[in-house]
Structures are given as structure tokens and as C-alpha cells.
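Worksheet: one structure, shown below.
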Number of protein chains: 2
Amino acid sequence: MLVNGEAFENLRHLTKHIGGRLAGSPQMVKAENWGLITLKQSGADTAYLQQCMVPHWVRGGTDKASVVSVDGKMQKKILDVLALGNSLGTGKKGIKAEVVAVSSFDDLEKHKSELKGKIVFYNYPFNPTYIVPALAYRESGIYRANGASRAAKYGAIGVIVRSMSEGTNNHPHTGSLRYNDSFPKIPAVAVGLQDADFLWQICRQHSKVQVTFTTNGYFLPDTVGHNVIAELKGSDGSNDFITVGGHLDSWDINEGAHDDGTGIVQTIEELRTLKTLGYRPRKTIRFVLFANEENGARGGLMYAEQAKAKNENHLLAIESDEGGFTPRGFSFTISDEKLEKIKPWTKLLNAYGVYEFTKGGGGTDIAPLNKTINAPLAGLVPDNQRYFDLHHARNDVFEAVNKRELLLGAINMAALIYLVDKYGLQ
Amino acid sequence: MLVNGEAFENLRHLTKHIGGRLAGSPQMVKAENWGLITLKQSGADTAYLQQCMVPHWVRGGTDKASVVSVDGKMQKKILDVLALGNSLGTGKKGIKAEVVAVSSFDDLEKHKSELKGKIVFYNYPFNPTYIVPALAYRESGIYRANGASRAAKYGAIGVIVRSMSEGTNNHPHTGSLRYNDSFPKIPAVAVGLQDADFLWQICRQHSKVQVTFTTNGYFLPDTVGHNVIAELKGSDGSNDFITVGGHLDSWDINEGAHDDGTGIVQTIEELRTLKTLGYRPRKTIRFVLFANEENGARGGLMYAEQAKAKNENHLLAIESDEGGFTPRGFSFTISDEKLEKIKPWTKLLNAYGVYEFTKGGGGTDIAPLNKTINAPLAGLVPDNQRYFDLHHARNDVFEAVNKRELLLGAINMAALIYLVDKYGLQ
């Protein structure tokens, strides 16, 4: 695979020729067509589209923000921002208001009487002391997801969140919010780390900091999207499946290289490799390019719904959606007992860089499969020290992916598929 | 350290303000001064320079090459090349000759009667099937080191080597050659991978391919260089030491970021951290910024010579010189018995990403310490999938280093220093 792998060139096509491919966009359609053709050419016994309705959020223009006055004195400091996905725009005139800077939701509650008509700035830090940055992401992500509605509850008219990143640049990192229907749907942007530090500092030093921002986000009616699915038919004639996948959609402001172009081309690489080796699986293996992970997860829901309707039994669903970096392990959603039983497999994978099987993993797209039909899950765990430098930001581009790291991930996924097909998870 | 670490900013200074710092260059002197000041400021009990004579090779100009004719038909295809370090230049007019392309030394022997007056092109591949690219480097590096003299033995007048890399770009990768004094010292260049593939292909397809290249390398007389050394004095009053280091010199054509700026700033970070924590070591810890690893290794030789002269006992010497990537383990030059005894330490390091203690490691600068006084050695083993994309090439620059990966290496080195200081290697 390190010699003949096609994943890197496939990734080049997906990122450079198709690009950002948010649900509902023309690039989504292009990506689906490309995915279907590429899966067919990679040797699928069958490949098809599975329809699902997806949300159709549109950024609608360039997001802008600046500091306009400090303690009543006019000034102009441009802030680099991106509207959060699924957020509604400010209108063309934008909003202008005093900023209330808070460090956390607890801090927000302390200031709740002061928020009417204000812009809330959440400066919750991405904890650098975690050795695994994904833990810091989980902890801080709630400010992006829920910050707008929690501030709107107290009368705020807009929200700025510190990006979920520890990068040394100033890129803002977008990502989805979820409005709580009980409160006004106020606009929200993410700000880069340098600008966040700047804004925090002037808010500490001055009693009145006024900011303006303009965003243009809106929803069109839900539209038709698809999971793109290929199969290698199992030889034992059962209704048993192994699912492997990533998500085909990405944010609109980058190339979706690590998130999740790499998971997509690794999934295709598994098919190509098993086919090239002439491997005839016992169980049917499904290679799934999921729709709409980023701002709706509808693809994963549809896939689980269909699996349940067809009474499918899934031995394991594997997802790669944590970046195409050097693999370090897999994380499983299975019983402790089963996990202990398969831990010796790590010895077979050591040579390919995988040392750990841990608990709790999977992926957004396969999670519903666990909920509906209790399918065991596994997520590829790559070294993610670099991931949050570029996750959901403009610099998640093809050039940030290393060919060998990408392929080593695919190799370990192939090994896990083989082991599960051969020995099961019993 | 992930919060307060200064290694990343130190690296920025070393790479961006000082830059490439080959032995004998003005930048070498700047780097030594900076190193001494920075070690003092980081809390050394004492910091000093240890003099050693270093070779003074100068590239002397821009290296140029092109294909000039194929089967007698003139054409001009420019090749991106770099003269190998320590190679002597062609003279201003350059050399022009027919190319004999060979795949290996065995292949060279088959063609030995055809080499008189020719340019030998070694197209030995960097084996992509090794999971650890450093193994491919060791295997192919002999063509760079010995290729010129082995070809000169049969009358060749110049050598082109395929770069020791698997990168997807076309950067040539320099590095040292060693002339065998028995044969003429012919000029030699490295060529990037895309150009190597091109050249190999036309040499296969045509019977006569003529190439020209011009290099300008020469030696000035040996000059004065220094190991830059700091100490934290041990409390037990013994003549026992723990050495930790990297090499301060780098190639001239890049910023020497991963090779070995990262090892340097990690070494300084160990001192700063132990001092900041108020740690009082039992054994004296030496922090050494070695001179002249790249094209002479004289710093390491001098350090070992002095250690022997002073009857020092070195419990362990640790080097970081395989890039500032996420750490995966340490590799030791110690007895099997001792290695087995310390393997349980890996469990303490798992949380920081280190999983393996293997055998055989160390580093060029500390190797002499093993030879002269039998000091045990350890080398930090980072994930090196990306290393040979940039090793000795123009793209080994500050921007290629990730702050967290760099600091995680330093954290594991600090842990190993602590464990050895506290428990020894008995």
C-alpha cells in the first residue's frame, strides 16, 4: 500500500479539483459523483447512492468584524472571523454592540444581568495541558455549539467564540452551532487566537469595548444528499456486515483535507487493497462515504435507519475522522470484556505503528448504528498534535497531509477489517 | 512545559534570526554565542565553550545542472541539484559528460568498464516499504557517502545521486560525502526525486544522455568551533554525569529546523524545566550543543576525548537528532539485560506518547562517548514519517515544526533524565 497506494492522488483530486463540499453545495454533488465512480473503479461488487435529506446552510458572503471603539474612543481594529455553521446572519448592516467578555458558562451566569443588547465573547481556552488535544476540543466545543443560545437567553444580540485550537496562527475555526428554539437565534462568529487574546486583553483593561460584525448565513430548504456506498460481498451468505467509512462533506472555507478527505480516501483505499489482493471476505464489507457530518449528521442517521429496517447485523463499524496523521491506535465502543479479548491484536499492529486499543471511540457517522442496532464501533486514533492547528480552518488543505502518514492509517484499518472478518469480535 | 515551554520561540530565533549554520560559517559563531547566553539565562550553574577544530567547507556558489543532449540531439532540461557537502567543485566551466545510470553498487560493478570519463547517476531508491523511514535512509545513505569515490575508482568524472527521500516534491537533499584518498576527488550532486525519475527514464530509453553540472565547493583551513555546554551540578559530589544534547550546526541551504534545531531547543528546555521546578539532581547533568555533526562530527569526538581525559563516568548520554516530531520511544545502546530492566519505565511514559524502548540507538554526537568510555546511549525516537521529506533540503524550516510535537519530545527526555538520575541504569 505504501508503494502502490492511490489514496494520496485521490485526495489531491477531492481537495484540489472539488474542494470544500458542504451539504447542499454544488461541490457536494460533484463529490458524490466522484465517490461513486472511484468506488466502482476500485473494484466494488456493487456501488450505489443512499439518499437522505440534508440541511442546506449557506454562508452567503464574507464574514467581517472589527473593534470600533474603546472607552468611547473610536478605533478600527479588524478581527479575522468566520460565522459559525448553521448560524443566521446579522443582516447587511451588521450588528454593533458593547462586548461582555466571559471565560466560561459559569462566568456568563455571573454576568447574566448585563447581557441585554450586548455581544458575548466566550474566551474559553483550549487546554494545552492535555497530552491528547482531542480532549481539549471536546471540553471547549460546547461554547461553539451552545454559546449563542445560552447568551441569547439573557438578551445578548451576538456571540464571538475563541476558536477551538492551540495553533500559533490567527485562523478562525468554524464549526456547527445548535440553536435552542426557546431563545432568539442570534448571530455567532469564531475569532482566531491572536485576535481572541487581543480582544480579551482590551476587555480586561477597559470598561467599554464596542465591536461590530457582519455575517450572512441562512438556510435554504433541505435538499437531497447521499451516502455513497460500495460493497465487497461476503462469502458466507449471512446478513452480517463490517462497515468502514469517513464523511464526504466538509466545511466551505477550506479543502476538507484532514477533515475528512483523508478518511474518505482511506476508505476507498481499503476497498482497492482488498480487491487487489484478491481477498474474498467472509462478511460483506461496506465502504461508506457518509453525507453531511459537519452540520447535521443526516447521512449517519439514514445509514443506521436503513440497517435497522433491513435487519442487518453489523460486526463492527470503523470510522476514520480524526485526521490523516500517523496512526497510534483504535478506540472502541464495545464491552470491556470484548476489548480485553482483542487487545492482543495490538501486537500484530505494532509493526505498523499502532500500540493502543482504548475505549470510547467511534465517529459521528457510525454512532447512530450503535444506538439503533447496537453495532460495535471503532475509531482510528491518529496522532492529533497538529489537528487543531487546522481543524475547520482555512489551512486544512491538501498540502497539510503527508502521504505516508495517510497510508499508514489505511494499512491499520485494513488489518483491523481483516482481523474482524476472520475472527469476529466474539 | 506545554504551557510555559520556551523551546518553540527559541527555535524561531535560531532558525529565523541565525539560520543555516554550517561549521566554519559566520552563523556558526552567532549560534554558539546565542547558545551560551541562552543556556546561562535558562539557569545553568555553569556554562562554557569547549573548543574543537572543525572543517570549513564552503559551497561557494549556486549549484547548477541540466540535460544537454539525448542521443546527440541538443535539448535543455534544467535539473534541480545541490552539491554534496565536502565535495570539491567542478570549476567554473563545469563538467559535461555522458551519464551511466545505475541502480546500485552491484549494478555499478557490472558497468565498471564503461565509466571512464562519464558521470555516474546512482538511482538507488529510498525503500518505501519500510514502516520506519530511517531504515531506508540508512540503507541508501551509502550512495551519498561513498558513491563518488567508488565511481572515481573506475574513471568517472562526476556523480549524481538520487536524494535520500520519499517526498512528493522535487527538492534535492544534500549531506556529506567521504572521499577515499586512493581515488580522484570527483564532484558530486544530489538531484530531487522528480528529476531523478526523469533522468532514469531517459537513460533507460536512450543510449546516450549527456548532462552538465557546475559546483563550486572547496575547503578553507580547519577553523575553531565549539561545543556549547551547560551544567546543573549534582548533589552527590561524584564524577558521574548524565549528558543530554543535540547538534548546533546545520546545512547551509536551509534553517536546520528539524535537523537539529529542535534537538538544540529541547536540550535547552530540559535545563530550563529542571531549574524552574527547582530540581536538584544527584548526578551532574550536562546540556551539550554539539559542534559540526553534519560534515565532520568533531564536536562529539572532542567531548568524548575530554570526558576520557577527565576520567568522567557517564551514566547515560541522550541525544535528540531525528527531528522534532511526536515522540514514540527511545532507542538505547546498552546491554539486553539493562534494557529489560528499564522497559517498565515505558509505562510511566505512555501518557506522554512514548511506547517503546528499543535497542541500537544514540546519535552521531554521543556515539564517541560509547566508544571511548563505554557510556550507555539513548536516542529520542520521534515519529519520522515526515522527516525525509525535508531532511537536508531547503524546506527544513521553522514552519515545518509543530510546537506541541516539539515540546512532547522535550517532556519525555526530561522524564528519562529524571529516571536515570534517580534510579540509575543498574
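Of the conditions (1) in the same structural domain as B:GLY245 (by TED's automatic domain parsing); (2) part of a strand (DSSP E or B); (3) hydrophobic (A, V, I, L, M, F, W, C), B:ILE78 satisfies every one except a single condition; which number is it?
Of (1) in the same structural domain as B:GLY245 (by TED's automatic domain parsing); (2) part of a strand (DSSP E or B); (3) hydrophobic (A, V, I, L, M, F, W, C), only one is false for B:ILE78: (1).
Would you be able to say whether some residue in the stretch A:165-179 is over 20 Å from the mean Cα position of the chain (by Cα) and over 19 Å from A:LEU390 (Cβ atoms)?
There is no residue in the stretch A:165-179 that is over 20 Å from the mean Cα position of the chain (by Cα) and over 19 Å from A:LEU390 (Cβ atoms).
State whether the residues of the stretch A:364-381 include one that is acidic (Asp, Glu), in a helix (DSSP H, G or I) and either farther than 28 Å from A:LEU22 by Cβ or assigned by TED's automatic domain parsing to the domain that holds A:TRP251 (or both). Lay out the reasoning, then the answer.
First, the residues of the stretch A:364-381 that are acidic (Asp, Glu): A:365.
From the residues that got through so far, the ones that are in a helix (DSSP H, G or I) too are none.
No, there is no match, as no residue in the stretch A:364-381 is acidic (Asp, Glu), in a helix (DSSP H, G or I) and either farther than 28 Å from A:LEU22 by Cβ or assigned by TED's automatic domain parsing to the domain that holds A:TRP251 (or both).
Considering the stretch A:386-410 alone, what residues qualify as being more than 25 Å from A:ALA317 (Cα to Cα), under 18 Å from the mean Cα position of the chain (by Cα) and not in a helix (DSSP H, G or I)?
Result: A:ARG386, A:LEU390, A:ALA393, A:ARG394, A:ASN395, A:ASP396, A:VAL397.
From the set of residues in the stretch A:76-90 that are of a type in the set (S, T, N, Q) and on the phi < 0 side of the Ramachandran plot, which is surrounded by the most Cβ atoms within 10 Å (Cβ to Cβ)?
A:SER87
Go through (1) of a type outside the set (D, E, K, R); (2) under 20 Å from the mean Cα position of the chain (by Cα); (3) more than 14 Å from chain B (Cβ to nearest Cβ); (4) surrounded by fewer than 17 Cβ atoms within 10 Å (Cβ to Cβ) and name the single condition A:VAL132 misses.
That leaves (3) as the condition not met.
Working only within the stretch B:8-28, note down all residues that are assigned to a helix (DSSP H, G or I), of a type in the set (A, V, I, L, M) and touching a residue at least 40 places away in the same chain (Cβ under 8 Å).
B:LEU11, B:LEU14, B:MET28
I'm trying to understand the selection: among the residues of the stretch A:232-261, which are within 13 Å of A:GLY20 (Cβ to Cβ) and of a type in the set (Gly, Ala, Ser)?
Correct list: A:SER250, A:GLY256, A:ALA257, A:GLY261.
Could you tell me which numbered condition A:GLY5 fails, if it satisfies all but one of (1) within 14 Å of chain B (Cβ to nearest Cβ); (2) out of contact with any Asp or Glu (no Cβ under 9 Å at 6 or more places or on another chain); (3) assigned to a loop (DSSP other than H, G, I, E, B); (4) in contact (Cβ under 8 Å) with a residue 24 or more places away in the chain?
(2)
Can you report the number of residues in the stretch A:273-326 which are within 30 Å of A:ILE253 (Cα to Cα) and of a type in the set (A, V, I, L, M)?
Number of matching residues: 9.
For the stretch A:1-36, which positions are out of contact with any strand residue (DSSP E or B) (no Cβ under 7 Å at 6 or more places or on another chain) and among the charged types (D, E, K, R)?
A:GLU6, A:GLU9, A:ARG12, A:LYS16, A:ARG21, A:LYS30
In this structure, is A:ALA145 in contact with a strand residue (DSSP E or B) (Cβ under 8 Å, 6 or more places away or on another chain), farther than 27 Å from A:LYS77 by Cβ and without any contact (Cβ under 8 Å) to a residue 60 or more places away in the chain?
Taking the combined requirement at face value, the residue satisfies it.
In the stretch A:350-369, which residue that is within 14 Å of chain B (Cβ to nearest Cβ) and not charged (D, E, K, R) is surrounded by the most Cβ atoms within 10 Å (Cβ to Cβ)? Spell out the reasoning first.
Of all residues in the stretch A:350-369, those within 14 Å of chain B (Cβ to nearest Cβ) come to A:350-358.
Still in the list and also not charged (D, E, K, R): A:350-355, A:357-358.
Numbers: A:ASN350: 12, A:ALA351: 11, A:TYR352: 15, A:GLY353: 23, A:VAL354: 28, A:TYR355: 19, A:PHE357: 22, A:THR358: 14.
Filtering the stretch A:350-369 for residues that are within 14 Å of chain B (Cβ to nearest Cβ) and not charged (D, E, K, R), the one surrounded by the most Cβ atoms within 10 Å (Cβ to Cβ) comes out as A:VAL354.
Could you figure out which of (1) modelled with pLDDT of 95 or more; (2) assigned to a helix (DSSP H, G or I) isn't true of A:ALA351?
A:ALA351 satisfies all of (1) modelled with pLDDT of 95 or more; (2) assigned to a helix (DSSP H, G or I) except (1).
Right, A:ALA101: within 14 Å of chain B (Cβ to nearest Cβ) and either of a type in the set (Ser, Thr, Tyr) or more than 17 Å from A:PRO184 (Cβ to Cβ) (or both) or not? Steps first, answer last, please.
On the way: within 14 Å of chain B (Cβ to nearest Cβ): no; either of a type in the set (Ser, Thr, Tyr) or more than 17 Å from A:PRO184 (Cβ to Cβ) (or both): yes.
No; evaluated as a whole, the condition is false for this residue.
Within the stretch A:315-335, is there a residue that is more than 26 Å from the chain's Cα centre (by Cα) and over 22 Å from A:GLU270 (Cβ atoms)?
The initial filter retains those residues of the stretch A:315-335 that are more than 26 Å from the chain's Cα centre (by Cα), namely none.
The answer is no; no qualifying residue exists.
Whether any residue in the stretch B:45-66 is more than 28 Å from the chain's Cα centre (by Cα), among the basic types (Lys, Arg) and surrounded by 17 or more Cβ atoms within 10 Å (Cβ to Cβ) is what I want to check.
no
Quick check on the stretch A:196-207: of everything there that is part of a helix (DSSP H, G or I), of a type outside the set (Lys, Arg) and surrounded by fewer than 22 Cβ atoms within 10 Å (Cβ to Cβ), which residue is farthest from the chain's Cα centre (by Cα)? It would help to see each step written out before you state the result.
Taking the stretch A:196-207 and keeping what is part of a helix (DSSP H, G or I), we get A:196-205.
Now narrow it down to the ones that are of a type outside the set (Lys, Arg): A:196-203, A:205.
Filter once more, keeping what is surrounded by fewer than 22 Cβ atoms within 10 Å (Cβ to Cβ): A:197-198, A:200-203, A:205.
Values: A:ASP197: 25, A:PHE198: 28, A:TRP200: 27, A:GLN201: 31, A:ILE202: 32, A:CYS203: 32, A:GLN205: 36 Å.
Among residues in the stretch A:196-207 that are part of a helix (DSSP H, G or I), of a type outside the set (Lys, Arg) and surrounded by fewer than 22 Cβ atoms within 10 Å (Cβ to Cβ), the one farthest from the chain's Cα centre (by Cα) is A:GLN205.
For B:ASN384, work out the one condition from (1) under 30 Å from A:TYR130 (Cα atoms); (2) away from chain A (no Cβ under 12 Å) it doesn't fulfil.
Here B:ASN384 clears every test but (2).
Within the stretch A:29-41, which residues are surrounded by fewer than 23 Cβ atoms within 10 Å (Cβ to Cβ) and in contact (Cβ under 8 Å) with a residue 24 or more places away in the chain?
Step one: of the stretch A:29-41, the residues surrounded by fewer than 23 Cβ atoms within 10 Å (Cβ to Cβ) are A:29-30, A:32-34, A:36-37, A:40-41.
Scanning the stretch A:29-41 gives A:GLU32, A:LEU36, A:LYS40.
Within the stretch A:223-277, which residues are of a type in the set (Gly, Ala, Ser), touching a residue at least 12 places away in the same chain (Cβ under 8 Å) and either surrounded by fewer than 24 Cβ atoms within 10 Å (Cβ to Cβ) or not assigned by TED's automatic domain parsing to the domain that holds A:PRO327 (or both)? Reasoning before the result, please.
Keep residues of the stretch A:223-277 that are of a type in the set (Gly, Ala, Ser), which gives A:225, A:230, A:234-235, A:237-238, A:245-246, A:250, A:256-257, A:261, A:263.
Now narrow it down to the ones that are touching a residue at least 12 places away in the same chain (Cβ under 8 Å): A:225, A:230, A:234-235, A:238, A:245-246, A:250, A:256-257, A:261, A:263.
Scanning the stretch A:223-277 gives A:GLY234, A:SER235, A:SER238.
Determine whether A:LEU416 is assigned to a helix (DSSP H, G or I), in contact (Cβ under 8 Å) with a residue 60 or more places away in the chain, buried (at least 20 other Cβ atoms within 10 Å of the Cβ) and within 11 Å of another protein chain (Cβ to nearest Cβ).
Details: assigned to a helix (DSSP H, G or I): yes; in contact (Cβ under 8 Å) with a residue 60 or more places away in the chain: yes; buried (at least 20 other Cβ atoms within 10 Å of the Cβ): yes; within 11 Å of another protein chain (Cβ to nearest Cβ): no.
Taking the combined requirement at face value, the residue does not satisfy it.
Based on what the data block shows, is B:ARG394 more than 21 Å from B:LEU277 (Cα to Cα) and outside the structural domain of B:ARG162 (by TED's automatic domain parsing)? Steps first, answer last, please.
On the way: more than 21 Å from B:LEU277 (Cα to Cα): yes; outside the structural domain of B:ARG162 (by TED's automatic domain parsing): yes.
The answer is yes for B:ARG394.
Does the stretch B:324-334 include one or more residues that are touching a strand residue (DSSP E or B) at 6+ places or on another chain (Cβ under 7 Å), more than 14 Å from every other protein chain (Cβ to nearest Cβ) and farther than 20 Å from B:ASP383 by Cβ?
yes
The values are calculated or read from the model by the stated rules, or taken from the named source; none is laboratory data. Note that the structure is predicted; figures quoted are calculated from it, not measured. Here the Cβ is made from the backbone with ideal geometry for all residues, glycine too, and neighbour counts use every protein chain on show.
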